[in-house]
Amino acid sequence: MPEFDRLNSDLVLIVDDIPENLSVLHDALDEAGYTVLVATNGESALQRARHSLPDVILLDAMMPGMDGFEVARRMKADFATRHIPIVFMTGLTETEHVVAAFDAGGADYVTKPIRPQEVLARIAAHMQSARLMKQARTALDAVGQATLAIRPDSGRVVWQTPLARKLVQDFFPGHEEIAPAAVMAWAHESARARREGREFPPLHINQSARRLIFNLHERTGDDEWLLLLREESDAAMVDGLMAAFRLTAREAEVLYWVIKGKTSPDIGEILGSSPRTVNKHLEHVFAKLGVENRTSAAAVALARLRVGGGEAPA
């Protein structure tokens, strides 16, 4: 667990092997209200970044041993830290070094000798987007949303909620870090259709009785695609009905089979209950949905599922 409250503190990690630089930057950032961590070499930078998940990293390009370019490459290769914006500090202003900083995954750079006010301005610009992203991820995790962000050019997964990660593992083993080719091809076509003002259908991936559905939500300001995932299966639909109407598991199962057009004897046979027991469950379902018959119950349930992003079960 990170040692800081990730909702209420803006955390900056400074990586520099020169104590004087660390002191100047630490004091400037601390006075500006940031929580500051420091690291004096590449290995400790990697460990602290992974443990504390800072909002922004201020990274010296030239250090003995592992230089800043290699540190950045390793951070961007690690799923836990790849989303963190890196601002390089460098005295190397030649084009090739600036390009190297961006190629290694840097989001920005400042030149040495360090001017604290310039650094604060750069940090503030990246902190705003980092703060919004942090809040969005926290909210999505809290509601169990299946969402992931990918790079359009490489297909690399930049971040994902726990539920999205589980679904991808289930349907595409081995593709937790890079989006599958089928998903990337669909995302490109969907994005093209959106630019042209056309509708484009969601992507459906079938696996036995389960179906995973992808929807392209938007392209973010960080040049990422945001994908929304939803699983359809008997179990997933029953869970959705339980959550939507505060039903018991058995009541949700009965309502699910009513939606599919089954009679009480049919449902009793499926669930191993008598038709009379099924009807008792239906009475409770009708009361909770505020309806009086099976047809109305099915209509209300389907309407709620559609509003929540679901589709009518086949």
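Laboratory data are not the source of any read-out in this text; all were calculated from the coordinates shown. These numbers come from a predicted model, not from an experiment. Here the Cβ is made from the backbone with ideal geometry for all residues, glycine too, and neighbour counts use every protein chain on show.
Translational diffusion coefficient of the chain (Stokes-Einstein, Kirkwood radius from Cα pairs, 25 °C, 0.890 mPa s): 108 µm²/s.
The count of lysine pairs in the chain with alpha-carbon distances below 21 Å, taking only pairs 8 or more places apart or on different chains, stands at 7.
Sorting the segments 69-77, 118-126, 204-212 by their residues' average number of neighbouring beta-carbon atoms within 10 angstrom, most packed first, yields 69-77, 118-126, 204-212.
Highest mean first, the peptides 166-175, 248-257 sorted by other C-beta atoms within 10 Å per residue fall in the order 248-257, 166-175.
Of the beta bridges DSSP finds with both residues in the chain, what % are antiparallel, to the nearest 5? Counting DSSP beta bridges with both partners in the chain, the antiparallel share is about 55 percent. A protection proxy built from the mean count of other Cβ atoms within 10 Å ranks the segments 38-51, 188-201, most packed first, as 38-51, 188-201. Taking the C-alpha atoms only, the angle from helix 181-195 to the longest principal axis of the chain is near 90 degrees.
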